[in-house]
Amino acid sequence: MKTTSDKTKSSYHHGNLQSTLIFAATEMIHSDGVENLSLRKLAERVGVSRTAPYHHFKDKNELLCAVAAQGFIAWREIAEQIFNDDSLSPRECYRQFISRYIGFAAENPALYDLMFGGTIWKGAKSTQTLRDIAYPNFQYQVEMTKIWQQKGLMPEGENTLRLAQVTWGTMHGIARLLIDGIYADAGSIEEMCECALNLFLSHMQPQR
């Protein structure tokens, strides 16, 4: 059985060092936290020279932005899978959107912190590449909120952008409560997600 180190070294030998570094950095952040990640440690983990990572990332911040960008890509794929599932009713679609968002945060707490926390976003540390990936993720939610409004699932009288911001803010708050250990009980999280669903869809027109 290959270890993580074996896998990353194998990927490197296939000539895809940048992706290998991002993959390894993501795992290191998950296990040891952002503060314990360095380009030197990353090079040792992958099995390359200490200078090799600098050919792809000028510093740690640029590496962190690349890791966060991959997190946004992963979440976008999950969201699109939900929204494009024609077998789901609009209500079930939204239920899954909420629960899987919280699930993504719970399964990837350090990555979620990096994606939405101050390490990158405070002090204008985000790279243009990250912004080009992160901002469309929220715009996608705004577009879906508009569709839900048109279907009568969410209140049409509310400003779409503000409605998307408030619903996302609520989900983010639940995720933070879970990650910070304030509500670590899974049952509490499930009930809060269901409560959020009922609150957001309280204006839903009765189904015929």
* **the range 93-208 - Debye-derived log10 I(q)/I(0), Cα point model, q = 0.17, 0.21, 0.22 Å⁻¹** => -0.92, -1.23, -1.29
* **Correct option for volume of the Cα convex hull per residue in Å³ [calculated from the coordinates] among [x] 152; [y] 140; [z] 124** => [x]
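For every helix of n ≥ 4 consecutive DSSP H residues, a contribution of -39,500 (n - 2.57) applies; sum these over the chain, divide by its total residues, and give [θ] at 222 nm rounded to the nearest 500 deg cm²/dmol.
Numbers: 10 runs with 146 residues, N = 208.
So the calculated ellipticity at 222 nm is -23000 deg cm²/dmol.
Over the chain, what percent of the accessible surface lies on carbon and sulfur atoms, probe 1.4 Å?
Values: 5790 of 11510 Å².
Ligands and nucleic acids excluded, carbon and sulfur give 50 percent.
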* Asked: Using the eigenvalues of the Cα gyration tensor, what equivalent ellipsoid semi-axes result for the range 7-111 when each is taken as the square root of five times the eigenvalue, whole Å, largest first?
  -> 33, 14, 11
* How high is the relative contact order of the range 145-208, in percent, counting Cα pairs under 8 Å that sit 6 or more residues apart? -> 45
* To do: Taking 7 Å along the Cα-to-C-beta vector as the label spot, tell me the Leu88-Asp180 distance in nanometres, rounded to one decimal.
  => 2.8
* Structure fact -> Residue-normalised value, i.e. accessible area per residue, for the chain at 1.4 Å probe, in Å², stands at 55
* Between Lys125 and Ala52, what FRET efficiency comes out of the Förster formula 1/(1 + (r/R0)^6) with R0 = 25 Å and r the beta carbon distance, rounded to 0.05? -> 0.60
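The values are calculated or read from the model by the stated rules, or taken from the named source; none is laboratory data. Small disclaimer: the values here were computed from a predicted structure and weren't measured. Please note: Cβ atoms are built from the backbone with ideal geometry, for glycine as well, and neighbour counts cover all protein chains shown. Side chains are part of the model used for accessible areas, which takes the heavy atoms of the whole protein and leaves out ligands, DNA and RNA. Shrake-Rupley method; radii C 1.70, N 1.55, O 1.52, S 1.80 Å.
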